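The values are calculated or read from the model by the stated rules, or taken from the named source; none is laboratory data. Fair warning: this is a prediction, and the values are worked out from it, not measured in the lab. Backbone-built Cβ (ideal geometry, glycine too); neighbour counts: all protein chains shown. Accessible surface is based on the protein model in full, side chains and every heavy atom, while ligands, DNA and RNA are left aside. Shrake-Rupley method; radii C 1.70, N 1.55, O 1.52, S 1.80 Å.
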Amino acid sequence: GDCADSEGLSPFADPPSGTTAMMSEEEEAAIVTPTEERRLSRMSDPNGSPRSGLPEASAAFSSAAAGSLRRSPRVLWSVVSATAFFFAMLLFALRVFPFITVGVIAVAIAWLVYLCSEEPLIRIISAKGARGGGCRNKVLLLVRALRRVQSLRSSLENEQKLKASLYSVCLCMFLFNPDVGVLAGALSDLGALPAAVVVAASLSAVAFLSYRLEKRWHDQALRRGDGADGSLGEDFPFTGSAAVMDSMRDIALCLQEKGRLRRRIAQRRILDIFTRCDPSVLNELLERMAQPGECSMERVLGYFRDTTEHAARSELVELLCIKRGTVLGVRAKQKLLHTLMVMRLSSCRNAETAVQSLLLSTEGDELSYLKSALDGSGDIHSMHKLMFQDITNAAGRDRVLNHFLHEAAAQVAHRALLANGHFCELLRLGKRYNCLPQQLNFLRGDLEATTPGGTRACPSYEGNCGHSWLKIITDMDDTLESSGGRWPAGIDESYPRHTPYPGVTAFYRELQGGGEVGQLVALSARPHLVGEMMEKKIFEKFGKLKEEHGLHTMPALLTGSVDSGALFFVSGGAEDGMRALGRKKFETFEEYLALYPEFRFVFVGDNGQADYAVGQMMCQQYPQNMEQVWIHQVQPQEQTWGYEDRRAGAPVAFFQDYVMAAVSAATRRSPLVSPHGLRRIVVAATEDFKRISGWQSEAQRAAALASLNNSIQVAHQTLMSLGVSHTLELIDGDKPQASAPETSSTDDDNKRSSSLFGRFRSSAISKDQLPPSPKPTVVLPIPPMAGETTGPSPHIAAAADAAAASAATSAA
């Protein structure tokens, strides 16, 4: 029941099977990553013994019986039918069109190998091969082949060349295939050697044209926003100071130089421009060059290339990130890091060293800003991807993570001390009379000295960044928006599909509390597929939420894995599939926690899948890092996976909608939402509900309306008890409210159960007639001390009583 049993197994390990392949100590050490070592060290106390925690939640992930995978008969039948149909069609095609079929299979295999040569998929395949089995040697051979293809994709230019080669193979396969007959007849009249020469020449020509087209499309994407002709006339789109505009004009002119010798001279001129710039001009220049255009930083890095004769790109990266990295501001560093990630770290010899230099030279609150700004860029390039995928040097990764931990300790110490008014007064007097103890010399937050370049001489540690120092981790389906009951996304049918829940964006905004950069993190079970296909769709969805529903920031995205997603799908959502999803989410959370040790975390999920057990494990393993876990109740609590093994005292609360989540946040012992913030969330939820369209039936809308109105009544009484006298209006309050139709017991199982905060239907029932409430949802952020009560907050109790009296009076 502990976090690690006597055999050293992780609480999220698969259930033990009957036999396992034996591995040597060297092989076992080879598959333990540095991240896993850090995770295991965090799960142990200073004495080295594993932390004892939630035995039931551990069992929820690891106590499934050994044996075959329990699949849903419907899903299993669909898989078997699709497989049989595929092989039947393949045999038919091989009989009728043998050459074209073989060619299509060969091209499909080539593209599959190309698309699978990414770090997340290679790690999954490597882990499967390291477990042993009869196909181990074949799997390891496949891993070596994928690594070889991955090396061919080391830079953006090399990847364009590889894609062009695949395009040419596809085209020539159809042109010269005997079954198609386009050019096969002409080749049949030639001999073997001339035909081979023609095919090779055609492949080379098509590959060259494809590469030129691919490169041209990429350049046009980088120049987006400029004139159609790309001229440098009077409407040159550069803005900023005169020195910055002159520098950008010179760099843009250099980028137009062609030819080997002229290109080398232009590169030297660009290096001289970056070398001679003052620190303030250099910072502004790099910030302006981060924007798309004729002089974007991506185009500059693409103009510099590492060759066997001269490592031009490495020289530019060394100048900007290492030699002049100490004078760069946090915004310029963020732009440089993002550009290096877009252009691939593997395309430059010293890119990983440059990334480490930029991060290690940043301290205090500026480091937190840098990490959060990189996460909020709105694309796949995030801090998590940078540290755990792009950086391949384990020693360098650990060095940066240790720096994060070192600075986090200083930041938390400053915030804890400076939050004490008595200490601040003594600190002020000690500095005034120059008698401050030497032990407090690390409190340098009030020093406002700046360097000649405009940057602070000492980093800031006060924590006055405008936000609440909370990382808000949210699930997507059935948490941020309704899945409409579409499996495997979710099970909630209370709102139309793809409809954001009323008040969710306002709730996240109030939790953050402000700040220049966002602190939102999307933890999704959706797997990372080849390229950025899945991530682009997710970011498009968040962009729509930001434009139409008031989402305050773009989130950092933490995706799932292909193997856990496939296991969940094939199992039909059974125990093994749930465990796989939960294990992957928890492991990703642990990696993300190592990036932001100075933050506390709030996790918002739903009880349709494994989020409840994941939240319990977060609170068990990292109680000092978790502030609160909220679980959106989309099915009765008793049907929640892992609910039987819940642990009392953990800050885990169910909520019916985001009005009730806001009430919970405003009335907990350490409020996370102010009373006025609660009112803003209620108003936003009201407006969001009125904008919802596409209801499946009037009964669906009536049920959702009654539920949300009851929550608004509880929020109104809570505001009254908190001293806020603003009146909240019910939705459609000026109209007679139709009650939701009666449903059978079968339908009741699919409906959301009553709120844990004690909400009451608008009917003539008394409080005594209500079913007994489960455990109170507003829980303490820490386990209660001896002698403390664990009942609900007085504000919640008063609000519930007032809401019950109001409902009974209205019914009378």
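Taking only protein heavy atoms into account and a 1.4 Å probe, give the accessible area per residue of segment 338-425 in Å².
On the way: 3060 Å² over 88 residues.
It amounts to 35 Å² per residue over segment 338-425.
In the assembled protein chains, Trp487 presents an accessible area of approximately 100 Å² (probe radius 1.4 Å). Take Cys135: with every protein chain present and a 1.4 Å probe, its accessible area is about 80 Å².
In terms of accessible area, using a 1.4 Å probe and ignoring ligands and nucleic acids, Cys619, Cys424 rank largest first as Cys424, Cys619. Note that segment 455-603 presents 31 Å² accessible area per residue, ligands and nucleic acids not counted, probe 1.4 Å.
In the structure shown, do any of Lys385/Lys536; Lys258/Lys335; Lys138/Lys584; Lys128/Lys584; Lys471/Lys537; Lys335/Lys385 have a Cα-Cα gap over 18 Å, and if so which?
The pairs that break the limit, which is 18 Å between Cα atoms, are Lys258/Lys335; Lys138/Lys584; Lys471/Lys537.
Averaged per residue, what accessible surface does segment 615-723 expose to a 1.4 Å probe, in Å²? Don't skip to the end; give the middle numbers.
Values: 3550 Å² over 109 residues.
On a per-residue basis, 33 Å².
Using only C-alpha positions, report the orientation-averaged shadow area of the convex hull of segment 639-738, nm², one decimal.
About 8.4 nm², averaged over all directions.
Measuring nothing but protein heavy atoms, the accessible surface of segment 102-181 at 1.4 Å probe radius is 69 percent carbon and sulfur.
The label-point distance for Cys435 and Ala205, in a model that sets each label 7 Å from Cα toward Cβ, rounds to 9.2 nm. Extending 7 Å from the Cα toward the beta-carbon at both Phe423 and Asn393 defines two label points whose distance is 3.7 nm. What is the percent carbon and sulfur in the accessible area of segment 288-438, measuring with a 1.4 Å probe over the protein chains and ignoring ligands? On segment 288-438, the fraction of accessible area on carbon and sulfur atoms equals 52 percent. Here's how it looks for Gly503: its modeled amide H is under 5 Å from those of Ala685, Asp688, which are all 5 or more places away or on a different chain. Among the protein heavy atoms, those of Ile491 account for about 60 Å² of accessible surface (1.4 Å probe, every chain in place).
Restricting things to Cα coordinates, could you compute the convex hull volume per residue of segment 464-590 in Å³?
On the way: hull volume 14.4 nm³, N = 127.
Considering the Cα atoms of segment 464-590, their hull volume per residue is 113 Å³.
If you sort Ile105, Ile538 by accessible surface, 1.4 Å probe, largest first, the order is Ile105, Ile538.
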